Amino acid sequence: QGQLVESGGGLVQAGGSLRLSCAASGRTISRVAMGWFRQAPGKEREFVAAINWDGGTTYYTDSVKGRFIISRDNAKNTVYLQMNSLKPEDTAVYYCARAWGSFATTRIGQYDYWGQGTQVTVSS
């Protein structure tokens with residue numbers, strides 16, 4: 001729904017933190033679920049986190065549970081991914097995506113619009 005632009009990526013040492021932002025323009029995202037995915041070189045794009053339209057329900061892939069937090073501010077038309085205790089295995093391009101429906105989903109096929117991605121590199 002409109003353009004999605006990710007920001008906040010960069011280079012960080014293991015154990016550090018980054019906060020990614022996904023700003024939506026053109027149309028409101030307040031009535032749809034949103035998600036974060038990532039893709040490392042040579043690997044398929046994988047689910048990271050998702051959030052219901054109202055923020056009431058969140059899902060995370062097992063590898064980031066307890067370290068990452070997805071949130072949203074519908075008034076600002078923005079979704080966030082707070083990443084703590086980063087590990088080298090978190091290195092990837094991170095993509096923000098808009099879902100077809102209102103409820104959080106881990107399935108890539110349920111997302112209909114994607115941002116351009118932001119690079120996250122974690123060094124040991």
Report task. Compute the separation of the alpha-carbon centres of region 95-124 and region 1-79 and state it in Å as a whole number. Result -> 6
Report summary line: For region 104-112, Karplus-derived ³J(HN,Hα) couplings (6.51, -1.76, 1.60; θ = phi - 60°; whole Hz; x for glycine and proline) come out as 4, 9, 8, 8, 4, x, 8, 10, 10
**Report entry** Table column - 3J(HN,Hα) (Hz), region 21-36, Karplus curve with 6.51, -1.76, 1.60, x for Gly and Pro
**Finding:** 10, 10, 9, 9, 10, x, 9, 6, 10, 5, 10, 10, 6, 10, x, 10
Query raised in the report: What accessible area per residue comes out for region 32-124, rounded to a whole number of Å², with a 1.4 Å probe?
Result: 49
Report summary line: Here the gain from full extension of residue 124 to residue 27, 0.36 nm per residue of separation minus their alpha-carbon distance, amounts to 30.9 nm
Report task. Return the ratio Rg/(2.2 N^0.38 Å) for region 28-124, where Rg is computed over Cα atoms only. Result -> 1.02
Report summary line: Diffing region 90-95: the Karplus 3J(HN,Hα) column from phi (6.51, -1.76, 1.60, θ = phi - 60°), in whole Hz with x for Gly and Pro, holds 7, 4, 4, 8, 9, 10
Requested in this report: At a Cα cut-off below 19 Å, give the lysines reachable from residue 87, other chains included and same-chain residues fewer than 8 away excluded.
Outcome: 43, 65
Query raised in the report: Under unit Cβ charges (Lys, Arg +1; Asp, Glu -1), what dipole magnitude, rounded to 20 debye, does the chain have relative to its Cα centre?
Result: 140
Query raised in the report: Antiparallel DSSP bridges in the chain: what percent, to the nearest 5?
Result: 90
Report task. Give me the percent of the accessible area of the chain that comes from carbon and sulfur atoms, probe 1.4 Å, all protein chains in place. Result -> 47
Report task. Please work out the FRET efficiency for the pair residue 112 and residue 14, using the Cβ-Cβ distance as r and a Förster radius of 41 Å; give the result to the nearest 0.05. Result -> 0.75
Report summary line: If each K or R counts +1 and each D or E counts -1, the residues other than residue 47 whose Cβ falls under 9 Å of its Cβ total +2
Query - Distance-filtered residues of region 72-91 - backbone nitrogen under 14 Å, label point 7 angstrom along residue 54 Cα→Cβ - result: 74
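The values are calculated or read from the model by the stated rules, or taken from the named source; none is laboratory data. Worth saying up front: this structure is predicted, and the values here are computed from it rather than measured. We place every Cβ from the backbone using ideal geometry, glycine too, and count neighbours over all the protein chains shown. These accessible areas exclude ligands, DNA and RNA; they are computed on the full protein's heavy atoms, side chains included. Shrake-Rupley method; radii C 1.70, N 1.55, O 1.52, S 1.80 Å.
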